[in-house]
Amino acid sequence: MTTDRHTSVPTPTAEKATGPDGPDAPGVRRKVAAATAVGNFVEWFDSGAYAIMSATIAGLFFPQYDKTAALLATWAVFAGGFIARPLGAAFFGRYGDRIGRNRMLALSVLCMSGSTLLIGLLPTYAGLGILAPVLLFLLRAIQGFSTGGEYTGASAFIMEYAPEGRRARYASVVPITVGFASVAGAATGLLITSTLNEGALNSWGWRIPFLLAGPLGLIGLYLRSRIQDTPVFRAMEKREAVQEAPLREAWRTCRRQVLTLFGYSITNAVGYYLMSSYMIAYMSEEVGYTKSEAMLTSVVAMLAYSAACPLMAAASDRFGRKPMLLVACGGFAVATLPAFWLIGTGLAGAIAGTVVLAVLVSVIGTSNVPAMVEMFPGQLRASGSAIGYTAAYVLFGGTAPFAATGLVSLAGTPLAPGFYLMGLAVVSGLVVWFSFRETLRLPLTRTTVLAD
């Protein structure tokens with residue numbers, strides 16, 4: 001075990017690492033993985049439902065005086081869902097550090113499934129006028145509030161059960177289920193758009209992905225409510241090491257870690273949302289593919305992403321977080337522009353280009369997840385990781401489709417989003433190189449903060 005220079009925060013000294021070491025440990029971990037996977041799947045299928053039907057929503061919830069303006073308005077509402085993420089991150093991060101990881105995750109999946117179900121029941125602009133997009137924005141904000149703590153909370157939850165030396169592989173359940181949720185959502189969208197005529201799609205077909213949120217949410221809530229909290233959190237409760245104000249303490253004592261996490265997460269955020277949410281609208285509206293071709297490409301890319309995640313996670317457990325993060329940033333800086341060029345060469349090229357982006361997102365994502373959990377001490381973990389990670393997704397991830405659409409219009413080239421992602425990758429690479437300290441062997445039970 002390597003040692004790291006660190007400073008203390010005002011909490012009791014951590015006891016020796018604990019974990020589910022009993023004879024039933026494999027069974028416990030399987031239940032934890034299942035609860036994490038199903039709940040996370042529900043969250044991201046629900047969140048992705050909006051992106052899947054974005055082009056259709058643009059025609060139903062906004063006036064059609066200008067097609068580009070309507071699409072920009074749709075992405076503005078999508079970005080608006082991210083405005084509530086900081087509130088969700090603050091609420092769920094504090095909740096997770098004070099009351100428990102599992103309770104936080106059960107509440108988040110309930111908020112997400114309920115708001116998504118209501119989107120599926122909304123009247124359109126033709127029925128409610130301007131009130132329709134206003135209500136859509138509010139429900140997207142509730143979705144954003146929910147996801148503010150989901151990804152980081154689920155990551156902390158499963159990693160605090162993971163055995164030493166396999167943390168990234170266990171944590172890869174989180175990005176893998178994000179990928180499968182996107183595949184399920186895109187496949188649902190592909191099935192709907194390819195089997196329904198325009199009239200049926202606009203009248204009721206677009207609602208199907210949103211209405212599925214109800215039963216899926218109940219399944220996720222049931223599984224999460226049956227798992228006890230992590231060994232790390234229970235040990236903190238036993239030692240009375242739980243912080244009263246974890247958000248404030250995380251920013252006060254872990255500011256460098258928060259800013260470092262933000263610095264490399266911006267590439268993860270933009271890469272993921274360009275590859276997943278934006279690509280369907282980009283291919284159909286900017287490049288000229290049919291909606292079915294665009295969704296087929298999205299399905300293939302997300303399958304490639306999901307398949308690559310366990311492989312990249314294993315590499316992260318072997319080589320460390322920092323080398324893999326640098327590989328990802330370098331890959332984005334070099335390969336993004338060729339990938340976007342390929343997308344415009346035909347369907348085969350489009351699939352190849354999006355698969356390149358998908359693999360790069362898997363490289364950065366499977367090291368981002370364990371790193372953001374490992375860099376924070378146990379009593380500040382949910383709060384600290386939520387601040388840095390969520391800020392990156394609010395400022396860059398949520399605005400990625402809007403910024404990309406605007407850049408294409410301003411620059412007059414469909415390659416503009418590629419230049420944007422390349423520039424961010426260079427910035428993230430510099431942050432990792434100069435500010436990130438390897439976290440691979442840091443104990444998750446520690447109550448100390450890495451020194452600046």
I'd like to check something: does region 252-267 contain any residue that is assigned to a helix (DSSP H, G or I), among the small types (Gly, Ala, Ser) and buried (at least 22 other Cβ atoms within 10 Å of the Cβ)?
yes
Here are some residues: 89, 55, 49. Which one is open to solvent by less than 60 Å² (accessible area, probe 1.4 Å), farther than 30 Å from residue 291 by Cβ and either modelled with pLDDT of 75 or more or of a type in the set (A, V, I, L, M, F, W, C) (or both)?
89
Residue 122 meets each of (1) over 21 Å from the mean Cα position of the chain (by Cα); (2) open to solvent by 50 Å² or more (accessible area, probe 1.4 Å); (3) modelled with pLDDT of 80 or more with one exception, condition (2)
Which members of region 394-452 meet the condition of being aliphatic (A, V, I, L, M), assigned to a helix (DSSP H, G or I) and more than 22 Å from the chain's Cα centre (by Cα)?
407, 408, 410, 411, 416, 430
Residue by residue through region 95-117, note down the ones that are small (Gly, Ala, Ser) and either within 16 Å of residue 226 (Cβ to Cβ) or at pLDDT 80 or above (or both).
100, 106, 108, 113, 114, 115
Quickly run through region 305-328 and pick out the residues that are closer than 13 Å to residue 358 by Cα and either buried (at least 21 other Cβ atoms within 10 Å of the Cβ) or more than 20 Å from the chain's Cα centre (by Cα) (or both).
305, 306, 308, 309, 312, 328
When (1) modelled with pLDDT of 85 or more; (2) part of a loop (DSSP other than H, G, I, E, B); (3) over 26 Å from residue 450 (Cβ atoms) are applied to residue 376, the one that fails is (3)
Filtering region 201-245 down to residues that are assigned to a helix (DSSP H, G or I) and charged (D, E, K, R), which residue is modelled with the highest pLDDT?
207
So, in region 156-194, exactly how many residues are of a type in the set (Phe, Trp, Tyr), more than 16 Å from the chain's Cα centre (by Cα) and part of a helix (DSSP H, G or I)?
1
Determine whether residue 406 is within 19 Å of residue 332 (Cα to Cα) and not hydrophobic (A, V, I, L, M, F, W, C).
no
Out of region 273-299, which residues are farther than 16 Å from residue 74 by Cβ, open to solvent by 50 Å² or more (accessible area, probe 1.4 Å) and assigned to a helix (DSSP H, G or I)?
293, 296
For region 400-418, the count of residues that are of a type in the set (S, T, N, Q) and open to solvent by 10 Å² or more (accessible area, probe 1.4 Å) equals 2
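The values are calculated or read from the model by the stated rules, or taken from the named source; none is laboratory data. If you're wondering where the values come from, they're calculated on a predicted model, not measured in any experiment. Neighbour counts run over all protein chains shown; Cβ positions are idealised from the backbone, glycine included. To get the accessible areas, we keep the full protein, side chains included, count just its heavy atoms, and leave off ligands, DNA and RNA. Shrake-Rupley method; radii C 1.70, N 1.55, O 1.52, S 1.80 Å.
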